[in-house]
Each structure stands twice: as structure tokens, then as C-alpha cells.
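Asker: First the structure, which I've put down as C-alpha cells, then a few questions once you've had a look.
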Ligand SMILES: NC(=O)c1ccc[n+]([C@@H]2O[C@H](COP(=O)([O-])OP(=O)(O)OC[C@H]3O[C@@H](n4cnc5c(N)ncnc54)[C@H](OP(=O)(O)O)[C@@H]3O)[C@@H](O)[C@H]2O)c1
């Protein structure tokens with residue numbers, strides 16, 4: 001439920017752990033067939049939203065979800081790129097049901113209108129995929145004065161989730177799937193300087209923004225459980241996904257023969273964005289997936305077929321979850337639960 005920030009529920013970060021548990025993988029039916037990335041289960045009649053669905057990993061999440069029979073809505077900034085992505089999906093997936101809404105995650109004021117434009121009575125899943133990674137100083141800010149990666153990757157998705165919650169709660173068992181990153185593993189959040197105002201280092205600020213997203217995803221699941229909500233929150237991460245290893249989709253992305261050759265050595269440890277989409281698609285579609293889980297690539301967390309992995313130790317500590325939630329609610333003026 002979207003509520004004014006002052007009326008958020010007490011932090012659930014110190015309460016019992018989220019619905020993910022080591023027993024959830026163990027309880028996965030031994031009889032369930034192995035997950036086939038080329039043939040995920042059907043999802044006819046369901047509605048999914050993918051932020052950043054016009055490019056990169058998000059594009060392939062859309063393409064693969066559309067092949068399940070679901071209606072997939074792409075959320076992103078640029079109308080021409082959205083149109084090109086939809087044309088590409090329609091050209092590859094017979095009968096694909098795709099449409100687009102414009103949203104700029106760095107502009108919180110664009111989000112209520114984007115949600116209204118969804119024109120659906122319920123939403124079965126949202127994949128919080130859109131993101132930016134800035135390589136060079138200087139530190140940049142969004143129009144409302146937040147560090148740009150923290151604003152786009154974390155605050156935008158925090159606010160979007162709040163605005164979407166009535167639609168998610170109207171579905172029987174909706175999922176919020178947050179796109180994390182192994183870049184978060186080596187970073188720590190800083191309560192004294194959450195937006196890297198001092199000693200700005202782009203790579204660290206990116207890692208922190210992804211860690212903030214992942215911390216939010218698990219705190220969201222704890223709060224949803226505490227509130228008795230049917231909605232669950234999971235994390236997916238793509239491992240390492242390079243454009244040079246990604247098959248061409250001429251309207252969206254073209255890989256030259258040279259780029260393909262140059263990318264070959266990296267293919268031993270990393271993968272394309274088509275494969276980078278697999279964990280998120282499984283987190284949306286696998287009936288056995290549970291709130292609070294992390295889904296990533298099988299081989300060293302970098303490449304390969306999707307599987308659930310143990311929740312990373314830095315995320316089980318929950319030390320940052322409560323202050324981050326309160327800060328995010330204060331900065332966005334909304335709270336998802
Ligand atoms: N590639 C990797 O190896 C890797 C590894 C770990 C995690 N990830 C995560 O995976 C996600 C996708 O990465 P990618 O490599 O596919 O990136 P990408 O190719 O650069 O695509 C990013 C997408 O996000 C959209 N976007 C950016 N800023 C936005 C904004 N303000 N509002 C709405 N949409 C916005 C972009 O739309 P425009 O077309 O408008 O720019 C684009 O669709 C990100 O969350 C990233 O952190 C990637």
C-alpha cells in the first residue's frame with residue numbers, strides 16, 4: 001500500500017528472517033523437472049512489468065517472458081527505443097503480447113502517471129531491472145538532488161514499488177523481482193554518507209546502489225510477510241553479462257563480427273545478456289521460487305543456468321535495512337508497505 005512516509009510500518013528487519021530459508025530449496029520437489037531455460041512454464045493471462053525492458057538484459061527478460069504467453073509491459077524512458085524493442089519481440093515471438101509505458105526512474109514525478117498508464121487491474125510481477133552504471137566523475141545528481149545511481153537504481157524502484165503495490169496486492173501471488181549485482185558483494189552501505197557526497201568513486205557508488213536495492217528487496221519481503229501480504233520479493237542477478245557475448249537483435253542491439261571475436265575469451269567465464277536474463281525469468285515464473293531468495297547463474301555466480309543461491313552473508317546481517325528503508329521513504333515520500 002502506498003502511504004505517506006511517516007506512516008510506515010515498524011521495521012521488520014529485526015524480526016524473524018524472510019520467507020526464504022535453506023529448507024525452501026530442500027523442499028523443492030525432487031520430482032520437479034529440471035528448469036529448461038528454452039521452455040519455461042506458460043503464464044497465459046498474467047501481466048508482468050519489466051523496467052528497462054527496451055535494452056540489454058531487460059530486453060531479453062521481456063522476450064523470454066513474452067514467450068510464456070503473458071502480457072509484458074516495458075517501462076522505460078525513450079518512446080523510439082521502446083517501439084523498436086516491441087517490434088523486435090513481436091518479430092521473434094509469434095503472438096507476443098507486449099506494450100509500453102514511459103517512465104523515468106530518476107524522476108519520481110513520472111512514476112504515478114506511468115503506473116496509471118499500465119491500465120491493468122492487477123500486476124503478477126514486476127522486474128526492477130533498469131539501471132545505470134556511471135564510469136567517471138564528476139558525481140551527478142537527479143533533478144531532485146540525489147546521487148544519480150542511487151536515485152535511478154534504488155530510489156526510483158523503491159518509489160515505483162510503492163505506487164505499484166495496490167496492483168500487486170490485487171494479484172493472487174505477485175512477485176517483485178529486483179535485479180541485483182555481484183558488484184554489491186564487495187561494498188558496504190554508509191549510513192553517514194549514503195549518497196557518496198564525500199570521496200565520490202563511481203564504481204563504489206554503483207556497487208552501493210545495487211547493495212541498497214538488494215537490501216531493500218529482502219526488507220520488503222520481511223515486511224510483506226509481517227503484513228500478511230500475498231506479494232513476495234525476490235532478488236535475481238545476471239552474473240557477468242557482456243554486449244560482446246549477446247546475440248544480435250537488429251532493432252535493439254547489433255553485435256559485429258569483430259566484437260564477437262574479441263568477446264570469445266571472456267565467454268569462458270562470462271555470458272551474454274540473453275543468458276543474464278535467465279535468473280530473473282526463473283524468479284518470475286518458477287512456481288517453486290519463494291520470497292527472500294536470490295537467483296543467479298550456476299557457474300561461480302557468473303554464468304550458466306539459473307539456480308537459487310544462499311543469501312549472501314552481508315545481506316543476512318540486516319544491519320542497514322531499517323535506516324535505508326526510512327531514508328528511502330523520507331526521500332521519496334512513499335513507502336511500499
Ligand atoms: N550487464 C551486467 O553484467 C550486469 C551485472 C550485474 C547487474 N546488472 C544489472 O542488470 C540491469 C540491466 O543491466 P544491463 O547491462 O542490461 O544495462 P543496459 O544495457 O545499460 O540497460 C539498462 C536499461 O535501463 C534503462 N534505464 C536507465 N536509466 C533509466 C531511467 N532513469 N529510467 C528508466 N529506465 C532507465 C535503460 O533505458 P534507456 O534505453 O532509456 O537508457 C535500459 O533499458 C541493471 O540493473 C544492472 O545494474 C548488470
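Asker: Going by a ≥ b ≥ c, the root eigenvalues of the Cα gyration tensor, does segment 194-244 fall in the rounded group (a/c under 1.5), the prolate group (a/b larger than b/c) or the oblate group?
Answerer: oblate
Asker: Using only the Cα atoms, work out Rg/Rh for segment 131-191, with Rh taken as the Kirkwood radius, to two decimals.
Answerer: Looking at segment 131-191, the ratio lands at 1.05.
Asker: Turning to a different aspect of this structure: So for segment 264-317, what are the equivalent ellipsoid semi-axes in whole Å, largest first, each being the square root of 5 times an eigenvalue of the Cα gyration tensor?
Answerer: 22, 15, 7
Asker: Where does segment 291-337 land on Rg/Rh, using Cα atoms and the Kirkwood Rh?
Answerer: Here Rg/Rh amounts to 1.14.
Asker: If you don't mind, another one. Please express the Cα-Cα pair-distance distribution P(r) of the chain as a list of whole percents, one per 10 Å bin, running from 0 to the bin with the greatest distance.
Answerer: The distribution over the chain is 6, 27, 38, 24, 5, 0, given as percents.
Asker: Please list 168-174, 219-225 highest first by mean number of surrounding beta-carbon atoms within 10 Å per residue.
Answerer: 219-225, 168-174
Asker: Oh, and also: Averaging the inverse of every distinct alpha carbon separation and then flipping it gives the Kirkwood radius. What is it for segment 57-143, in angstrom units?
Answerer: 14.3
Asker: Would you please put 105-113, 121-129 in order of how densely packed they are, using the mean number of other Cβ atoms within 10 angstrom per residue and starting with the highest?
Answerer: 121-129, 105-113
Asker: Hey, another quick one. Let's test this: bin the Cα-Cα distances of segment 140-274 at 5 Å from zero up to the farthest pair and state each bin's percent.
Answerer: Here the calculated profile for segment 140-274 is 2, 9, 15, 15, 14, 16, 14, 9, 4, 1, 0.
Asker: State the antiparallel share, in %, of DSSP beta bridges confined to the chain, rounding to the nearest 5.
Answerer: Bridges in the chain are about 25 percent antiparallel.
Asker: Report the equivalent ellipsoid semi-axes for segment 33-83 in whole Å, largest first, defined as the square roots of five times the eigenvalues of the gyration tensor built from alpha carbon atoms.
Answerer: Here the semi-axes work out to 22, 12, 7 Å.
Asker: As a check on your grasp of the helix formula, calculate [θ] at 222 nm for the chain: sum -39500 (n - 2.57) over DSSP H runs of n ≥ 4, divide by the residue count, round to the nearest 500.
Answerer: Computed mean residue ellipticity for the chain: -9500 deg cm²/dmol.
Asker: A follow-up question, please. Would you kindly compute the Cα radius of gyration of segment 217-281 and its largest Cα-Cα separation (Dmax), both in Å?
Answerer: 17.4, 53
Asker: Cut-off 10 angstrom, C-alpha nodes, Gaussian network model of the chain. Which of 69, 145, 207 fluctuates the most?
Answerer: 145
Asker: Packing-wise, with mean Cβ within 10 Å as the measure, how do 299-310, 256-267 rank, highest first?
Answerer: Averaged packing, sorted descending, gives the order 299-310, 256-267.
Readers should treat all values here as calculations from the given coordinates under stated rules, not as data from a laboratory. All of these numbers come straight from a predicted model, not from anything done at the bench. Here the Cβ is made from the backbone with ideal geometry for all residues, glycine too, and neighbour counts use every protein chain on show.
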